[in-house]
Each structure stands twice: as structure tokens, then as C-alpha cells.
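Colleague: Quick one: this structure, given as C-alpha cells, is what I'll be asking you about.
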Amino acid sequence: MIQPQSKRFQSCCLLTTATAALVFCSFAEYSQSPKSSPSASAASGQARIAVKTELVVLPVGVTDAKGDFVSGLTLPDFRVYQDGRLQELTKFQQQDTPVTVGLIVDHSRSMGPNLPEVAAAVSAFAQSSNPQDEMFVVDFNDDVSVELLSGKPFTNSAHELEKAVSAVTARGRTALYDAVAEGLLHVQLGNWDKRALIIVSDGDDNASQQKFSQILALAQRSQVMIYSIALVDAEDDGEERPNVLRRLSRDTGGIAFFPKSLQSVADISKTIARDLREQYTLGFIPEKTDTADSFRQIKVKVTAPGRGNLHVRTRPGYFTSEQKQAPAKPGKNAS
């Protein structure tokens with residue numbers, strides 16, 4: 001049964017809207033001090049996140065001039081550069097690998113007429129995904145909640161996901177940034193190395209405690225790709241929200257979509273599922289650096305004679321620091 005929005009998922013790990021910078025890097029691992037209980041963590045308002053940076057993992061999408069995925073590439077076809085220096089690849093996968101995915105769904109008042117189509121699109125995404133995928137739903141308006149899925153933090157059931165989206169009525173304002181922060185934290189509880197968030201929203205943020213600069217920093221420090229389905233006019237330069245969603249997606253290796261009609265949202269969700277399944281996975285062990293908290297720029301090039309002009313998409317880089325989450329005051333949605 002999908003629990004009501006006022007109920008929050010709690011596990012041995014603290015789930016709370018992040019109110020300070022979370023530090024994620026390649027193969028981020030969620031850990032908790034063995035002497036601390038969930039209640040003790042909640043009391044201190046501190047999330048404990050240990051980060052390992054030995055291996056940098058890059059999901060890479062390669063498409064041709066028509067936008068179609070280019071399959072059949074091999075390791076020698078790829079070159080990965082960190083700050084302009086060629087890296088030796090130690091990991092290469094081209095098969096469909098499972099992913100942990102968070103669906104961040106806007107339930108503000110203006111989304112009321114759209115929610116039936118959005119729920120159907122979420123179901124279509126699940127049906128098009130890898131059967132081993134782990135998925136969850138974050139519903140948000142003035143408040144943010146991770147929905148329980150038959151008492152579990154994750155599911156691969158299209159029916160359960162659709163019910164989770166439909167469980168909350170549309171009301172109030174839009175706490176988009178707080179919801180993204182919650183999704184970035186919850187996705188770390190998943191079992192798979194490949195992780196993504198999909199944001200579905202029609203409005204700019206007007207209710208979060210977080211600021212966009214904070215959320216962008218969280219996203220850039222994560223190994224999480226962010227896809228956006230923006231139910232707004234992409235050409236409306238008077239609105240901030242298209243650029244917000246574009247940048248979140250671009251800076252994490254995802255894609256921002258601006259559907260022209262609600263009917264196309266389900267098709268876009270299938271496109272995202274296909275994009276996640278068709279990616280190559282590259283990995284390398286970077287040289288150690290004494291520079292703390294620095295951003296390393298990544299560039300991936302593909303040489304495939306006879307394939308024409310190819311477009312390569314991945315995240316633009318990563319942070320080198322290995323840090324722990326600093327104590328933070330619980331947000332308004334903290335348990």
C-alpha cells in the first residue's frame with residue numbers, strides 16, 4: 001500500500017531534505033557510524049556519507065546525426081581526458097545495466113490537470129526499463145515526501161509507481177529544490193552504480209528552503225544523472241524555470257525535455273528509459289592530487305571510422321575531495 005504523504009520512509013539511514021552540501025563522487029556509499037542510531041542522527045540533524053573516489057565512472061551516450069544510439073563500439077574507440085590529460089580506461093561496459101531511478105513529481109496546485117497523464121508516463125517508463133531497475137517516487141508541493149512502495153524503499157512495479165504518483169492530490173506551491181535534494185539522498189540507498197533522477201514539473205520553485213546554487217552543487221558532486229520533463233514553454237525567456245532544468249540536466253549528463261503536449265510525455269518517458277539502457281559505461285582511476293575540493297573536467301571522444309559525425313554525452317566532470325557531511329539543521333520536511 002502506498003502510504004499517505006505525511007508518512008515518510010525511514011530506514012537505518014537518515015532521510016531528510018539536505019540543508020547543507022552533500023558530497024557525492026564516483027561510487028558514493030551511504031554509511032552511518034556504528035554507534036549512532038537513526039534517532040540519534042535525526043537529533044543531531046547530520047547525515048553521514050562516506051565517499052570513495054578511487055574509480056571515476058562515466059555513463060556515456062553516443063548518438064549519430066539523426067539522434068539514434070550508436071551501438072557496437074568497443075573500448076579502443078573511446079578516449080577519456082581529465083583536465084586535458086588522456087586517462088587509461090579500466091572499466092568498459094556496453095550491455096544494458098540496471099539503474100536506481102528516482103521520479104521527482106510536482107504535485108503543486110497547477111499540476112492538477114496534468115497528474116493523470118504524468119502517472120501514465122511513469123508507468124510507461126517502468127514498463128520500458130530494465131526489469132532489475134530500482135525505482136522510487138518523491139512527491140512534492142509545499143512539502144516533500146518519499147512514498148513508501150508496499151513498505152519498501154524501491155520497486156520495479158509499474159503499477160506501484162503509478163499508484164504512488166496518484167496518491168497525493170495537487171495543492172499548494174512548488175518546493176522543487178528541496179525535492180531534488182531528497183531524491184539525491186534517497187538514490188544513494190540503491191544497490192546499483194548507475195543512478196538517475198527524473199524531474200516532472202510545470203513550475204519554478206517558490207517554496208523551498210534550498211537555493212538553486214545549493215542544489216546545483218549537490219548535483220554536480222553526485223554520480224546521478226538528472227533528466228527533466230518540463231511542462232513549460234521552452235522558448236519563454238521570461239521564465240527562469242526552463243534554464244534551471246536545462247542546467248541541472250546538462251551538468252549531470254542528462255537531458256531536459258520540453259514536450260509540446262501532455263500526450264507526448266509518455267513517449268518522452270520511454271525515450272529516457274531507452275537512453276539509460278543504451279549507455280556505455282567507462283571507468284578510470286585518476287591520479288592522486290593534493291588539491292582539495294577541486295573540480296576535474298572530463299571530456300570523452302569517440303573515434304569510429306565510417307560512423308559519420310557522432311555526438312557524445314556524459315557529465316562534464318567531478319569533484320576530487322573526500323569529505324563527510326557537516327552537521328545541518330533539519331529542514332521543514334525532516335522526520
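The values are calculated or read from the model by the stated rules, or taken from the named source; none is laboratory data. The shown structure was predicted, so the numbers you read here are calculated from the model rather than taken from an experiment. Neighbour counts are summed over all protein chains in view; Cβ atoms, including those assigned to glycine, are modelled from backbone coordinates with ideal geometry.
Colleague: Regarding Val187, is this residue crowded, with 23+ Cβ neighbours inside 10 Å, in contact with a Gly (Cβ under 6 Å, 6 or more places away or on another chain) and without any contact (Cβ under 8 Å) to a residue 60 or more places away in the chain? Walk me through how you get there before you give the answer.
Modeller: Working: crowded, with 23+ Cβ neighbours inside 10 Å: yes; in contact with a Gly (Cβ under 6 Å, 6 or more places away or on another chain): yes; without any contact (Cβ under 8 Å) to a residue 60 or more places away in the chain: no.
The answer is no for Val187.
Colleague: While we're here: Applying the selection to the stretch 127-138, what residues are buried (at least 23 other Cβ atoms within 10 Å of the Cβ) and either touching a helix residue (DSSP H, G or I) at 6+ places or on another chain (Cβ under 7 Å) or of a type in the set (A, V, I, L, M, F, W, C) (or both)?
Modeller: Across the stretch 127-138, the qualifying residues are Ser129, Met135, Phe136, Val137, Val138.
Colleague: While we're here: So which of Ser213, Ser222 is at pLDDT below 95 and within 11 Å of the chain's Cα centre (by Cα)? Please lay out each step first, then the result.
Modeller: On the way: Ser213 fails: within 11 Å of the chain's Cα centre (by Cα).
Answer to the check: Ser222.
Colleague: Would you check which residues across the stretch 159-184 are closer than 26 Å to Gln279 by Cβ and either surrounded by fewer than 19 Cβ atoms within 10 Å (Cβ to Cβ) or free of Cβ contacts under 8 Å to residues at least 60 places away in the same chain (or both) and list them?
Modeller: Matches in the stretch 159-184: Leu161, Glu162.
Colleague: Please note which helices (runs of 4 or more DSSP H) are completely contained in the stretch 129-248 and include at least 3 residues that are among the aromatic types (Phe, Trp, Tyr).
Modeller: On the way: elements: 158-166, 176-186, 212-220.
So the answer is none; nothing clears 3.
Colleague: Within the stretch 166-182, track down each residue that is of a type outside the set (Ser, Thr, Tyr) and at pLDDT below 95.
Modeller: First pass over the stretch 166-182, keeping only residues of a type outside the set (Ser, Thr, Tyr): 167-168, 170-173, 175-176, 178-182.
Result: Ala167, Val168.
Colleague: Which residues, counting only those in the stretch 267-316, are among the aliphatic types (A, V, I, L, M) and loosely packed, with under 13 Cβ neighbours inside 10 Å? Give the steps one after another, and end with the answer.
Modeller: Step one: list which residues in the stretch 267-316 are among the aliphatic types (A, V, I, L, M), which gives 268, 272-273, 276, 282, 285, 292, 298, 300, 302, 304, 310, 312.
Across the stretch 267-316, the qualifying residue is only Ala292.
Colleague: Looking at the stretch 78-90, is at least one residue under 21 Å from Val224 (Cα atoms) and of a type in the set (Gly, Ala, Ser)?
Modeller: no
Colleague: Take Leu115 and tell me if it is in contact (Cβ under 8 Å) with a residue 24 or more places away in the chain, crowded, with 18+ Cβ neighbours inside 10 Å and closer than 26 Å to Gln279 by Cβ.
Modeller: Details: in contact (Cβ under 8 Å) with a residue 24 or more places away in the chain: yes; crowded, with 18+ Cβ neighbours inside 10 Å: yes; closer than 26 Å to Gln279 by Cβ: no.
Against the criterion (in contact (Cβ under 8 Å) with a residue 24 or more places away in the chain, crowded, with 18+ Cβ neighbours inside 10 Å and closer than 26 Å to Gln279 by Cβ), Leu115 does not qualify.
Colleague: Additional query: Go through Cys25, Cys13 for me and flag whichever is part of a loop (DSSP other than H, G, I, E, B), more than 24 Å from Glu147 (Cβ to Cβ) and modelled with pLDDT under 50.
Modeller: On the way: Cys13 fails: more than 24 Å from Glu147 (Cβ to Cβ).
Step by step, each of Cys25, Cys13 is checked, and only Cys25 is part of a loop (DSSP other than H, G, I, E, B), more than 24 Å from Glu147 (Cβ to Cβ) and modelled with pLDDT under 50.
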